[in-house]
Amino acid sequence: MPTVLVIDENRGALDAIGRVLRSAGFKVALASTGREGLRLAQHRTIDLVVADLRLADITGMEVLKRLRQELVDIPVIVTGLASTASALEAGKLGAADYVEKPVFPDRLVDIVRSYAPGPSGPDTGGTKPPVRANSQIIQTMRVIEERYADASLHVGAVAHDLGVSTEHLCRVIKRQTGLTFVMLLRRARVRAACRLLQTTTLSMKEIAGRVGFSSASRFDNDFKSVCGVSPSAYRADVWRQPRPCTPSS
């Protein structure tokens, strides 16, 4: 069973990621500081590292740099707030992948399984067999990313534009992603809301309207269901903690 080292100074996020990975069948080692994570990496057999870029004792980029020097063959997945500059810098330092926060559990598990030998059985080599997204899925995801702010967007309209039935598109989406259209749309809206919470002082009502939620209360409920905290708590946590030492893009 592969062991994943998770490094994150936010105790809530650290414990949540640990629970998700354990439930997916991985062994997990947890570290709340960069130095603790480096120590564990040196003294334990680690198959993969998930490290956040916001660390209080040493920068996440420094942790990544040292991990790549000391654990040359071990994939390192970094997590952080949306920043093209951070993603590019992490890539230059040898990160295997960059996962934008908030981290969605099923996406994280899929990414970890793609880099670490997984617990899913010998027939798949320990990983989920890749599923090739068809053109309808690609177009649907593109529509969601382009039109998430449209509060009237619904699967029927997308199906009509693609020339297929609503039932067919719903089946394809579920089979290919394991999610529903509504769930994918909600996540796109929440991701957009996270960016606004990180970078603006807009009110919750203003943010809700900008990203396509019909009301502030719906925004609050859907945000909690995806991120586990309210939008105001998420904003307070972002502003309370130091930003990565990288220029914004």
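The values are calculated or read from the model by the stated rules, or taken from the named source; none is laboratory data. Because the structure is predicted, anything quoted here is derived from the model rather than measured. These accessible areas exclude ligands, DNA and RNA; they are computed on the full protein's heavy atoms, side chains included. Shrake-Rupley method; radii C 1.70, N 1.55, O 1.52, S 1.80 Å.
Worth a mention:
- Counting only protein heavy atoms and a 1.4 Å probe, region 18-90 has 43 square angstrom of accessible area per residue.
- Exposure rank, largest accessible area first [CYS194, CYS227; 1.4 Å]: CYS227, CYS194
- Anchor LYS205: lysines whose Cα lies under 27 Å away (excluding residues fewer than 8 positions away in-chain): LYS101, LYS224
- As a fraction of the 1.4 Å probe accessible area of the chain, surface on carbon and sulfur atoms comes out at 53 percent.
- Sequentially through region 185-190, phi angles give Karplus couplings (6.51, -1.76, 1.60; θ = phi - 60°) of 5, 4, 5, 4, 5, 5 Hz, Gly and Pro residues having no value and appearing as x.
- For region 13-21, 3J(HN,Hα) computed residue by residue from phi via the Karplus equation (6.51, -1.76, 1.60; θ = phi - 60°) reads 5, 4, 5, 5, 5, x, 5, 4, 5 Hz, glycine and proline entered as x.
- Cα centroid of region 136-195 to Cα centroid of region 10-78, whole Å: 33 Å
- By accessible area with a 1.4 Å probe, ligands and nucleic acids excluded, highest first: order of LYS101, LYS224: LYS224, LYS101
- Taking the C-alpha atoms only, the angle from helix 166-177 to the longest principal axis of the chain is near 0 degrees.
- Reach of LYS92 by Cα under 18 Å, taken over lysines that are not fewer than 8 positions away in the same chain: LYS65
- Three semi-axes of the equivalent ellipsoid, the chain, Cα gyration tensor, whole Å, largest first: 32, 24, 15
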